[in-house]
Amino acid sequence: MIIGIIYKFVLLLVTIKSYNLSRKLTFSTQNYLLIYLSVSLFIEVISFSLYVISPNSKNGLLYNLYNIFSISFFHLYFSKILKYNFKKLSFLITIISTLYILFFTSFLSIDFDKNIGITLLLFYLANSLLWFYQKISFFDDHKITDDPTFWISTGLLMWSCFFLFRVTPMFYFAKEDKEFLEFLKVGQNIINIVMYIMFYISLKKYEKLNYGSYSR
């Protein structure tokens, strides 16, 4: 519970940072991350509120739709960064992921469909690795850690690797080992915290890259 609250507090701080950055510079300088962060915060607040009202309430539909939103958002995010055939491949991955969810999953069910979660993490892995491959293929003089997308992609890769470990056996552990399932939930919240700290670093990099041109 405490780790979950800390995670939501970190997400709130990152969202506030993104909002302040959009006011100081422009909405587009952070590649519209404020949209994703705001929706993520809204989903977490709603989910937590439902849990407080009724601990047995189901919010699977909420996260099913949120995962679809995440695929849509990060398709747009990476489409502005990827070039050449990388962009075309990313678009193909998005189409396949979306069609699979629409026709082969229960995305309107009140229960969370783990196949949607797996589709999302594979989408994150593919696009993040595409960006890293592009970055390595087209070498420039700038440090890779100065690129805001480095922190976004690294955060998504880390989150995806852990979420794969959690989501695949989650329904088995829900019946057979609830203590270990709770341990995985705590671990997921810790990973979420680290990921959003990386998003915060990314926002700082966006600020550094863009502040000079707007301050002159």
- Taking 8-16, 154-162 and ranking on average Cβ neighbours within 10 Å, highest first, one gets 154-162, 8-16
- Note on the structure: For Ile193, the net charge from surrounding residues (Cβ-Cβ under 14 Å; K, R +1; D, E -1) works out to +1
- Which value, in Å² and to the nearest 10, is the accessible area of Asp141 when all protein chains are kept and the probe is 1.4 Å? 150 Å²
- Note on the structure: A 1.4 Å probe over the protein heavy atoms gives the chain a carbon and sulfur accessible-area percentage of 68 percent
- Point-to-point label distance, Ile53-Phe91, nm (Cα→Cβ direction, 7 Å offset): 4.2 nm
- Stretch Phe183-Leu129 to full length: gain in nm at 0.36 nm per residue minus the Cα-Cα span? 16.6 nm
- At 18 Å minimum axial length over the Cα atoms and a Kyte-Doolittle cut of 1.0, report the qualifying DSSP H helices in the chain, or say none. 2-24, 33-53, 84-104, 148-167
- Task: Could you please report the charge total around Lys204, scoring K, R as +1 and D, E as -1 over all other residues with beta-carbon less than 11 angstrom from its beta-carbon?
- Result: +1
- For region 35-92, with every protein chain kept in place, what is the accessible area per residue (1.4 Å probe, Å²)? 56 Å²
- Task: Calculate for the chain the 222 nm mean residue ellipticity that helices alone would give, adding -39,500 (n - 2.57) per DSSP H run of length 4 or more and normalising by residue count, nearest 500 deg cm²/dmol.
- Result: -28000 deg cm²/dmol
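The values are calculated or read from the model by the stated rules, or taken from the named source; none is laboratory data. Treat the numbers as computed from the prediction; the structure is a model and nothing was measured. Backbone-built Cβ (ideal geometry, glycine too); neighbour counts: all protein chains shown. With ligands, DNA and RNA removed, areas are computed over all heavy atoms of the protein, side chains included. Shrake-Rupley method; radii C 1.70, N 1.55, O 1.52, S 1.80 Å.
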